[in-house]
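Only the coordinates and a few stated rules stand behind these numbers; no lab work does. Keep in mind it's a predicted model, so treat the numbers as computed, not measured. All Cβ positions, even for glycine, are placed from backbone atoms using ideal geometry, and neighbour counts span all protein chains on display.
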Amino acid sequence: MATEQFYGTGRRKSATARVYLRPGAGKMVVNRRPLETYFHTDSLKRVAREPLVAVELQDTFDVLVNVCGGGETGQAGAIRHGIARALVRFDDALRARLKSAGFLTRDSRVKERQKYGQKGARARFQFSKR
């Protein structure tokens, strides 16, 4: 019983999501928990579902996600990126719609590191001439 599945890896900040799309009724499972209980805010749930809604396939696939690293927002963005990549593997014709919506672009913004001799990444200790 080999069901066809489509895989995509999504990343944002320090979060990484491994996404599997399988034909089904539209269930989303994140780290063995339903999406509704995994994310606390409606906006994060919406962000995770955006690619499926954009191509109108939200009731066509069951989504299985393993996500680790980062915080809630980074994980939701990683899931969105992974779903978009998996949808392109499913049908390359969806690429143009997903690309124009910005779902296939890796958000490369990460936290800048704190430098030695300073208070933070950019903040300096107060300078006094005397």
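A quick yes/no check of all residues on (1) among the aliphatic types (A, V, I, L, M); (2) surrounded by 11 or more Cβ atoms within 10 Å (Cβ to Cβ); (3) on the phi < 0 side of the Ramachandran plot:
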site: 65; (1), (2), (3): yes, yes, yes
site: 70; (1), (2), (3): no, yes, no
site: 79; (1), (2), (3): yes, yes, yes
site: 91; (1), (2), (3): no, yes, yes
site: 102; (1), (2), (3): no, yes, no
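Which ones in region 8-30 are of a type in the set (Ser, Thr, Tyr) and either surrounded by fewer than 13 Cβ atoms within 10 Å (Cβ to Cβ) or assigned to a loop (DSSP other than H, G, I, E, B) (or both)?
Kept after step one, since they are of a type in the set (Ser, Thr, Tyr), are these residues of region 8-30: 9, 14, 16, 20.
The one that is of a type in the set (Ser, Thr, Tyr) and either surrounded by fewer than 13 Cβ atoms within 10 Å (Cβ to Cβ) or assigned to a loop (DSSP other than H, G, I, E, B) (or both): 14.
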Residue pairs, Cβ under 7 Å, 6 or more apart or interchain, first in region 15-34 and more than 14 Å from residue 83 (Cα to Cα), second surrounded by 18 or more Cβ atoms within 10 Å (Cβ to Cβ) and among the hydroxyl-bearing types (Ser, Thr, Tyr). List them. 31/38
